[in-house]
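**Q** Sharing a structure, written as structure tokens. Questions coming.
Taken together, the values in this text are just the output of simple stated rules run on the coordinates, not laboratory data. On a predicted model such as this, the values are computed, not experimentally measured, just so you know. Cβ atoms come from the backbone with ideal geometry, glycine included; neighbour counts cover every protein chain shown.
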Amino acid sequence: MNLVFLGPPGSGKGTQAIRVAENLGVTHLSTGDMLREAVKNRTELGVQAEGYMKKGELVPDELIVGLIENKVTSGDLNDGFILDGFPRTMEQAKSLKEMFEKNNIQLDKAVLLQVSDEEIVKRIAGRAAEEGRADDTEDVVRNRLDVYNRQTKPIESFYREESILTEIQGEDTPENVYHKIMAAIK
Ligand code: AMP
């Protein structure tokens, strides 16, 4: 099973992607995790990406597309995958489509977790207070949400037009959301 998970920051996308990937026995690939790792290790990519991440901006497409392309061409994803946090722009979605075509990979579904802006701000502000996450101050949250709505949301229509978009109501308990996703992708 080859899936893309979409949803605004704080939609529960990461948590659900990990659990669903584990259940399906497929690879979970989070570009956010890969970038945080790169920042931690002070790699060239990490150094270039850090400033954007702190502000809640997207890192430039050319920094991230190559990372995914390496994974696609290396065969690491051959037993199925969930892409979590990629694609984030129309440019990335189009590059991904091309990579898949070249490598004979079929994307089965794009799973979208629907959560309203008000709920997102409430959730992330709560999480930031609990975890003391520097990238989650209210201004940064609002900026991340704005970036999602401007740059990532158009991808929803892109996958809707390809008839592979599956929309899940994400304002529910994590347990219920998980079961709704599993039912929808079976
Ligand atoms: P995430 O954990 O998915 O919310 O990602 C954390 C941060 O990493 C984002 O706010 C972006 O700065 C950056 N990032 C992650 N994935 C991408 C992507 N596909 N394109 C651009 N930036 C990304």
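**Q** Quick check for you: which residues of region 67-87 have the amide N under 11 Å from the point 7 Å beyond the Cα of Glu162 toward its beta carbon?
**A** 87
**Q** Which parts of region 60-96 would a label at Glu44 reach, counting a residue when its backbone N lies under 19 Å from a point 7 Å out along Cα-to-Cβ?
**A** Within reach of a label on Glu44: 60-71.
**Q** Decide, for region 144-186, between rounded, prolate and oblate: order the square roots of the alpha carbon gyration tensor eigenvalues as a ≥ b ≥ c, take rounded if a/c falls under 1.5, and otherwise choose prolate if a/b is larger than b/c, else oblate.
**A** oblate
**Q** Going by C-beta contacts inside 10 Å, put Val47, Val65, Val4 in order with the fewest on the left.
**A** Ranking Val47, Val65, Val4 by Cβ neighbours within 10 Å, fewest first, gives Val47, Val65, Val4.
**Q** Quote the relative contact order of region 1-89 in percent (integer), defining contacts as alpha-carbon pairs under 8 Å separated by 6+ residues.
**A** It rounds to 49 percent for region 1-89.
**Q** In terms of Cα to Cα distance under 23 Å, which lysines are near enough to Lys102, apart from those fewer than 8 places away along the same chain?
**A** Once the sequence-local lysines are set aside, what remains near Lys102 is Lys71, Lys94.
**Q** Cross-link partners among aspartates and glutamates for Lys55, C-alpha distance below 15 Å, same-chain residues fewer than 8 apart left out?
**A** Hits, sequence-local ones excluded: Asp135, Asp136, Glu138, Asp139, Asp146.
**Q** Could I ask something else about it? If I take all pairs of Cα atoms in the chain, what percentage of them are more than 21 Å from each other?
**A** 50
**Q** Report the relative contact order of region 2-185, percent, no decimals, based on alpha-carbon pairs under 8 angstrom and at least 6 residues apart.
**A** RCO, region 2-185: 33 percent.
**Q** With unit charges on the beta carbons (Lys and Arg positive, Asp and Glu negative) and the dipole taken about the Cα centre of region 1-82, which residue among Leu63, Ala21, Phe81 sits farthest to the positive side?
**A** The listed residue farthest towards the positive side: Ala21.
**Q** Can you give the FRET efficiency for Asn78 and Met182, using 1/(1 + (r/R0)^6), R0 = 30 Å, r = Cβ-Cβ distance, to the nearest 0.05?
**A** 0.85
**Q** Per-residue HN-Hα couplings for region 140-154, Karplus 6.51 cos²θ - 1.76 cosθ + 1.60 at θ = phi - 60°, whole Hz, x for Gly and Pro?
**A** Residue by residue, region 140-154 yields 5, 4, 4, 5, 4, 5, 5, 4, 4, 5, 7, 9, 9, 3, x Hz.
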